[in-house]
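Asker: First, the structure itself, so that you have it in front of you.
The values are calculated or read from the model by the stated rules, or taken from the named source; none is laboratory data. This structure is a prediction, so every number in the text was calculated from the model and none was measured. Cβ atoms come from the backbone with ideal geometry, glycine included; neighbour counts cover every protein chain shown.
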Amino acid sequence: MKSKMGPIQSSLLEALSELGTITYAVLTSSRNTKLLRRKLGAYGVPNPAFRRSLEKLKERGYVEFKIIQGEEYLVLSKSGKEKMKSKEVLELKLPRQPKWDKKWRVILFDIPERFKTARRALSFQLRSMGAVPFQKSVFVFPYHCKKEVEFVSNFFGVGPYIRYMEAKIMGDDESLRKHFNL
């Protein structure tokens, strides 16, 4: 079982995700390592801890070294990219606007039983993102969230089973308005 990722490892993955690649020379040079650590926000972290974090990421298969035009680069591996995508999904929140346009965003899904794990994960994620369950497979949110819903549903591999609609009338929506402070 893999242990939880530390803050230095997490920062390194985020930097690689944003930058694409980092040359190995940058990582091994004492001066450049300090600059990179500062950029990553790992102030006060001893150099050995920084290098251990890098080695742990390599051991877990999240990063790999590649030779590109004679120079060694550190790049995210396929599993490192997947880790960053799952981290992005878990941290995703639905956007809120200062003024409500009086339309409800309704997220409906009818996911086959063979995808029940993905269905449960999607339900859990929609709740944690801020949507409210209206029925077992219906969630409601008061602001635009189509892109986020598509991103999450595609991440779980159930995109074709999701419907998104905007509704002006939701019957007795007083409890929803109260929940969202509208």
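Asker: Any idea which of PHE155, PHE124 is outside the structural domain of GLU82 (by TED's automatic domain parsing), in contact (Cβ under 8 Å) with a residue 60 or more places away in the chain and within 25 Å of MET84 (Cα to Cα)?
Answerer: On inspection, the qualifying residue turns out to be PHE155.
Asker: Restricting attention to region 49-67, report how many residues are under 12 Å from LEU12 (Cβ atoms) and either in contact with a Phe, Trp or Tyr (Cβ under 6 Å, 6 or more places away or on another chain) or in a strand (DSSP E or B) (or both).
Answerer: Of the residues in region 49-67, 1 are under 12 Å from LEU12 (Cβ atoms) and either in contact with a Phe, Trp or Tyr (Cβ under 6 Å, 6 or more places away or on another chain) or in a strand (DSSP E or B) (or both).
Asker: Are any residues in region 162-182 assigned to a helix (DSSP H, G or I) and not acidic (Asp, Glu), and if so, which ones?
Answerer: If the condition is that a residue be assigned to a helix (DSSP H, G or I) and not acidic (Asp, Glu), then SER175, LEU176, ARG177, LYS178, HIS179 are the ones that fit.
Asker: Here are the criteria: (1) outside any helix (DSSP H, G or I); (2) more than 20 Å from LYS85 (Cβ to Cβ). Tell me which single one LYS116 does not satisfy.
Answerer: Just one mismatch for LYS116, condition (1).
Asker: Right, ARG119: among the charged types (D, E, K, R) and either surrounded by fewer than 13 Cβ atoms within 10 Å (Cβ to Cβ) or in the same structural domain as GLU14 (by TED's automatic domain parsing) (or both) or not?
Answerer: When the stated conditions are applied, ARG119 does not pass them.
Asker: Sort out which residues of region 69-95 are in contact with a strand residue (DSSP E or B) (Cβ under 9 Å, 6 or more places away or on another chain), in contact (Cβ under 8 Å) with a residue 40 or more places away in the chain and surrounded by 13 or more Cβ atoms within 10 Å (Cβ to Cβ), and write them in order of number.
Answerer: GLU72, TYR73, LEU74, VAL75, LEU76, GLY80, LYS83, MET84, LEU94
Asker: Any idea how many residues of region 129-149 are within 17 Å of the chain's Cα centre (by Cα) and under 12 Å from PHE109 (Cα atoms)? Quick ask: steps written out before the conclusion?
Answerer: Of region 129-149, the ones within 17 Å of the chain's Cα centre (by Cα) are 129-131, 145-149.
Retained after the next criterion (residues that are under 12 Å from PHE109 (Cα atoms)): 149.
Summing the residues that are within 17 Å of the chain's Cα centre (by Cα) and under 12 Å from PHE109 (Cα atoms) in region 129-149 gives 1.
Rundown of residues vs (1) modelled with pLDDT under 90; (2) buried (at least 19 other Cβ atoms within 10 Å of the Cβ); (3) among the small types (Gly, Ala, Ser), yes/no style:
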| residue | (1), (2), (3) |
| --- | --- |
| GLN97 | yes, no, no |
| ILE107 | no, yes, no |
| ILE111 | no, yes, no |
| VAL132 | no, no, no |
| PHE139 | no, yes, no |
| CYS145 | no, yes, no |
| GLU150 | no, no, no |
